[in-house]
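Nothing in this text is a laboratory measurement; each read-out follows from the coordinates by a stated rule. Since the structure is predicted, the reported quantities are computational estimates derived from the model, not experimental observations. Counting neighbours? That spans all protein chains shown, and the Cβs are built from the backbone with ideal geometry, glycine included.
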Protein chains: 2
Amino acid sequence: MTHAPLPEELAGQLAGHFGRRFSRGESSRLQHGRDESVHPPQLPDGVVHAENNDEVALVVRLCAAHGVPVIPYGVGSSVEGHVLAPCGGISLDLSGMNRVLAIHAEDGDATVEAGVTRKQLNDALKGSGLFFPIDPGADATLGGMAATRASGTNAVRYGTMKDNVLATTTVLADGRIMKTGGRARKSSAGYDLTRLLVGSEGTLGIMTELTVKLYPIPEAISAAVCTFPDIDSAVQTVIQTIQLGVPVARIELLDALSLKAINTFSKTTLAEAPTLFFEFHGSPAGAEEQAQTVQAIADEMGGTHFQWATRPEDRSRLWQARHDAYFACLQLKPGCRCFPTDVCVPISRLAECIAATNADIAQVSIPIALFGHVGDGNFHLVVLVDPANDQEMAEAAWISQRVVERAIAMEGTCTGEHGIGLGKRKYLVAEHGEVAVDVMRALKAALDPANLLNPGKILPPARVAAD
Amino acid sequence: MTHAPLPEELAGQLAGHFGRRFSRGESSRLQHGRDESVHPPQLPDGVVHAENNDEVALVVRLCAAHGVPVIPYGVGSSVEGHVLAPCGGISLDLSGMNRVLAIHAEDGDATVEAGVTRKQLNDALKGSGLFFPIDPGADATLGGMAATRASGTNAVRYGTMKDNVLATTTVLADGRIMKTGGRARKSSAGYDLTRLLVGSEGTLGIMTELTVKLYPIPEAISAAVCTFPDIDSAVQTVIQTIQLGVPVARIELLDALSLKAINTFSKTTLAEAPTLFFEFHGSPAGAEEQAQTVQAIADEMGGTHFQWATRPEDRSRLWQARHDAYFACLQLKPGCRCFPTDVCVPISRLAECIAATNADIAQVSIPIALFGHVGDGNFHLVVLVDPANDQEMAEAAWISQRVVERAIAMEGTCTGEHGIGLGKRKYLVAEHGEVAVDVMRALKAALDPANLLNPGKILPPARVAAD
């Protein structure tokens, strides 16, 4: 897509206000114009590092006056092209807004700037007895996680960002600064602007501060790993666990190829077969009871090698291996990139969805690992491609389209936690229907009439009227 | 407010389509033009009983063509004037849309028409091993509960309607039928229209079908009741319970006057002192462990008469008494109405908020009972007034304003679960700020440009521009 160059008057204003925190250099623009996925980079015209609400508002106002797009940027760990600049404009880097503003231990909430990462928040919580549970693989910023409605391994117990953002400070398209939500645990006071912003990927406003829920660190945490003869028996174990209402904190599936990658990458000796990783949170008796219930289910389903890990160092090694799965898989094919998929289906359809997907995988030449947060019905394919290889990209696109269409046909979603960005726009109408997408467009037009906040993301181009 | 009479052409169209299900009779209009609160009735010009999505869409389209408002109606159990007709128009009664459309036991969700009540849904779930936990006092419709973002006694464990509505079918202001959300447990696919609609009180669209989450009936349920020397020690028990992360299912505070009312109404012999009601859900061992932990906290805080109830009939009697508290309080002053309050504050401020409120209560002549869902920081005053008595109404208004302003000053909300309706509009700006309320107005204008969906609710009249 071609677009007008950055107006020199705007460049001068930004340079005047931000000095060295405004850059038009190639390396900075390249860093801010690409993400972790296969999307080819699309560079912004400049990068501003903002350090407070007023600076964010200033950038938005200056850019609005010149009709120039603004693209919020955290650490660039998203995977659907969210931070790319298909219409040019200014990448607004919020990683310098990284102050933990308040920790209310008694109320179980914290207020942070949007550039605080999840690990930074958990470091700040040390000694408080509390933790923040949402953990996408990367050490993403909380602003970015809110923008994509992220989740991760703990969501089956603690929910997603939608459930854990209580309040925001948000800069609107006209530069006004808005507060949404509040610190009460529930409210029926007016439209839920907080949850409209969570998942809006920077297209309705730029979240600059968040108040998030915290949770007491469980008295006892134990972990377990169990190998299964096939994917289906593992998935049936998950389904029964969820249906029994066992309050498991994490329940993750990895396929044989993922385990092979992990063993190589993490020097582990796990069985290279379909495997479930579990974590149990509770009182010592409660966590043990959960584990026993799940072990009984796994036994019935043919699970073997049910191994416990209650010592913190064993748990950490186990879960580090799980968290490294993505990077481990990337090493299966040196120099490759990942073509991400992220479907989520009602759990009753999960086994069927994975089986059909594995049948597709058997038909292509590229390596594809499968793992995911199956307690939610969410799984990823790590489709390993050389982006320069058209044949591989075509196979990846075919697999991706097949799994998305299958998930939608099963009343699921094209994205459980990554977001739409550029990559999944083409499925938005298939998933939600034309009317809902029209309403999304109306909301976008109401809040960003000039289409300058992260333009081109989420919403597919409008329909051409039928003749 | 005066408004134009119902156009005869529209009346003829409605009569033609709906026959006896369209009424302009006084009794039907009166029934649909008042609610459970002190708001003086404001009658619609007519009532239509719709039985399916297409009929709802038809009413909306016909009314839109004549510029006539449409006010959705369930069973009229709301308390902030939500169903009143300050601008006239058609009350659209959805109580006939009462089919349970699907129960997906494996996935833990059900799809219902908006007129299904919470008790009806739980009756339909009998034998499935599942239940729907959200329980405002009244046997409200699920559509009405979604519209007001309702909760109740179980919210501390199971969340509110915001957390439990997965998907909707919604009729828009132009009569189009929209699907929002889906049956996947999580999704990052586009703007969260479902949560924008939940709590929008019929002003953005009319929800006609809902998919809601269900939960496994716990293996063990036990209840307990405990008396305290004063409100503060009861509240401190709540705070410690929550901060320890005890997954208590219900934790309810009632003051001495509420207990007196309950004893009279329910023929119980509970101590007439500040009291906590608890319910514990889990495995037998887990529920017992929770109860023991809470009993230890209560003991430390000076709680006495910690009584258990594990037999279903004892639990039922106890909780029936709690559920009857509102009606029991109404009997304290025959012929009175309730002026409702519904604040919710961060739990660290709860004891202080209640203490200051009790100091206010000591200054007025009218009887005021206090109880609430204190695990969430939410409590109600049952302010008993004769609506025809100006002095009593003035005292009630003073108490209400004081408690709301106090809650907002404590970073809380003017309404935890009742909604804004007509009664709390004046506090919306104080709670959210002018910018957020302007954004709410922009959303309303985008989705209902002619202001015909439940006009006059939620949004305060727009500011007059300063000179």
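Mind checking which of B:L62, B:Q13, B:G89 is farthest towards the positive end of the range B:8-93's charge dipole, using Cβ charges of +1 (Lys, Arg) and -1 (Asp, Glu) about the Cα centre?
B:Q13
Can you compute the charge dipole magnitude of the range A:9-93 about its Cα centre, using +1 on each Lys and Arg Cβ and -1 on each Asp and Glu Cβ, nothing else charged? Give it in debye, rounded to the nearest 20.
180 debye
So the label point goes 7 Å from the Cα of B:N358 along Cα→C-beta, right? Which residues of the range B:394-416 then have their backbone N under 11 Å from it?
Once the point is set 7 Å along Cα→Cβ of B:N358, nothing inside the range B:394-416 turns out to lie under 11 Å by backbone N.
Shortest first and in nm to one decimal, what separations exist between A:A220 and its copies in the other chains, measuring from label points 7 Å along the Cα-to-beta-carbon line?
So the distances to the same position in the other copies read 1.4 nm.
How big is the Kirkwood radius of the range A:220-327, worked out from every pair of different alpha carbons and given in Å to one decimal?
13.7 Å
Rounded to whole Hz and in sequence order, give me ³J(HN,Hα) for the range B:41-56 from the Karplus expression 6.51 cos²θ - 1.76 cosθ + 1.60, θ = phi - 60°, writing x for Gly and Pro.
My calculation for the range B:41-56 gives x, 9, 7, x, 7, x, 10, 10, 9, 9, 10, 7, 4, 5, 5, 4 Hz in order.
About its Cα centre, how strong a charge dipole does the protein assembly as shown have in debye, to the nearest 20, once Lys and Arg get +1 and Asp and Glu get -1 at the Cβ?
Its charge dipole is roughly 760 debye.
What are the extents of the Cα atoms of the range B:329-461 along their three principal axes, in Å, largest first?
46, 37, 22
In nm, what is the difference between 0.36 nm times the number of residues separating B:A397 and B:A220 and their Cα-Cα distance?
That pair, B:A397 and B:A220, stretches by 59.4 nm at full extension.
Let me spell out the model: positive unit charges on the Cβ of Lys and Arg, negative unit charges on the Cβ of Asp and Glu, origin at the Cα centre of chain A. What dipole size does that give, in debye rounded to 20?
Computed charge dipole of chain A: roughly 780 debye.
Tell me, what does the Kirkwood hydrodynamic radius of the range A:333-409 come to in angstroms if you use every pair of distinct C-alpha atoms?
12.6 Å
Report for the protein assembly as shown the percent antiparallel among DSSP-assigned beta bridges with both residues inside it, nearest 5.
Beta bridges within the protein assembly as shown, antiparallel portion: roughly 85 percent.
Karplus couplings for the range B:174-188 from phi (6.51 cos²θ - 1.76 cosθ + 1.60, θ = phi - 60°), rounded to Hz, Gly and Pro as x?
These are the phi-based 3J(HN,Hα) values: 9, x, 6, 9, 10, 9, 10, x, x, 8, 5, 6, 8, 7, 10 Hz.
By what distance, in whole Å, do the Cα atoms of the range B:45-129 stretch along each of the three principal axes, largest value first?
47, 28, 17
Using Stokes-Einstein with the Kirkwood hydrodynamic radius over Cα pairs, what translational diffusion coefficient do you get for the protein assembly as shown at 25 °C and a viscosity of 0.890 mPa s, in µm²/s rounded to a whole number?
Estimated via Stokes-Einstein, D reaches 85 µm²/s.
Could you give the angle, 0 to 90 degrees to the nearest 10, between helix B:434-447's Cα long axis and the longest principal axis of the Cα atoms of chain B?
In chain B, helix B:434-447 runs at an angle near 50 degrees to the longest axis.
Regarding the range B:199-247, what whole-number volume in Å³ per residue does the convex hull of its Cα atoms give?
185 Å³
Label-to-label distances across copies for B:G12, with labels 7 Å out along Cα→Cβ, in nm, shortest first?
Copy-to-copy label distances for B:G12: 6.9 nm.
With a Förster radius of 45 Å, plug the Cβ-Cβ distance of A:K426 and B:S316 into 1/(1 + (r/R0)^6) and report the FRET value to the nearest 0.05.
Using R0 = 45 Å, I get an efficiency of 0.25.
Taking a label point 7 Å out from Cα toward Cβ, give me the nm distances from B:P460 to the same spot in the other copies, shortest first, one decimal.
The answer, with the shortest distance listed first, is 4.3 nm.
Expressed in whole Å with the largest first, what are the equivalent ellipsoid semi-axes of the range B:8-93 derived from the C-alpha gyration tensor as the square root of 5 times each eigenvalue?
21, 12, 12
Stokes-Einstein D for the range B:100-216 at 25 °C, 0.890 mPa s, Kirkwood Rh over Cα pairs, in µm²/s?
Using the Kirkwood radius from Cα pairs, D works out to 175 µm²/s.
Can you list the lysines whose alpha carbon is less than 21 Å from that of B:K333, not counting same-chain residues fewer than 8 positions off?
B:K260, B:K267
Hey, if you put +1 on the Cβ of every Lys and Arg and -1 on every Asp and Glu Cβ in the protein assembly as shown, which of B:L459, B:T415, A:M410 ends up farthest toward the positive end of that dipole?
Farthest along the dipole direction, towards plus: B:L459.
Plugging the Kirkwood radius over Cα pairs into Stokes-Einstein for chain A, at a temperature of 25 °C and a viscosity of 0.890 mPa s, what D comes out in µm²/s?
Rounded, D is 107 µm²/s.
Can you pick out the pairs among B:K186/B:K213; A:K119/A:K424; A:K213/A:K424; B:K162/B:K186; A:K179/B:K426; A:K213/B:K186 whose Cα atoms lie more than 20 Å from each other?
From the list (B:K186/B:K213; A:K119/A:K424; A:K213/A:K424; B:K162/B:K186; A:K179/B:K426; A:K213/B:K186), the Cα-Cα distance tops 20 Å for A:K119/A:K424; A:K213/A:K424.
When only C-alpha pairs under 8 Å and at least 6 residues apart count, what is the relative contact order of the range A:271-394, in percent?
22 percent
Count, for each residue of A:434-442, the Cβ atoms from other chains sitting within 10 Å of its Cβ, then give me the mean as a whole number.
So the per-residue partner count for this stretch is 6.
Would you mind getting me the FRET efficiency between B:Q307 and A:A102? Use the beta-carbon distance for r and R0 = 25 Å, nearest 0.05.
Efficiency computed from Cβ-Cβ geometry: 0.05.
May I ask you to evaluate 6.51 cos²θ - 1.76 cosθ + 1.60, the Karplus curve with θ = phi - 60°, for each residue of the range A:247-259 and list the ³J(HN,Hα) values in order in whole Hz, giving x for glycine and proline?
Whole-Hz 3J(HN,Hα) from phi for the range A:247-259: x, 4, 7, 9, 8, 10, 9, 10, 8, 4, 5, 4, 5.
Could you rank the peptides B:70-80, B:437-447 by their average count of other C-beta atoms within 10 Å per residue, with the highest value first?
The most tightly packed comes first, giving B:70-80, B:437-447.
Calculate the mean, over all residues of peptide B:406-418, of how many other protein chain Cβ atoms lie within 10 angstrom of the residue's Cβ.
4
For a Förster distance of 60 Å, can you work out the FRET efficiency between the beta-carbons of B:T268 and A:A65, rounded to the nearest 0.05?
For B:T268 and A:A65, the calculated efficiency is 0.30.
Quote the relative contact order of chain A in percent (integer), defining contacts as alpha-carbon pairs under 8 Å separated by 6+ residues.
In percent, rounded to a whole number, it is 15.
Going by average Cβ neighbours within 10 Å, how do the peptides A:141-153, B:158-170 rank, with the highest at the top?
A:141-153, B:158-170
Say the dipole of chain A comes from +1 at the beta carbon of Lys and Arg and -1 at that of Asp and Glu; which of A:S151, A:M301, A:V383 then lies farthest toward its positive end?
A:S151
Order A:380-387, B:370-377 from most to least packed using the mean count of other Cβ atoms within 10 Å.
B:370-377, A:380-387
Using alpha carbon coordinates only, what is the Rg to Rh ratio of the range A:1-50, with Rh defined as the Kirkwood radius?
1.01
At 7 Å along the Cα-to-beta-carbon direction for both B:K119 and B:Q292, put a label point, then send me their distance in nm to one decimal.
3.8 nm
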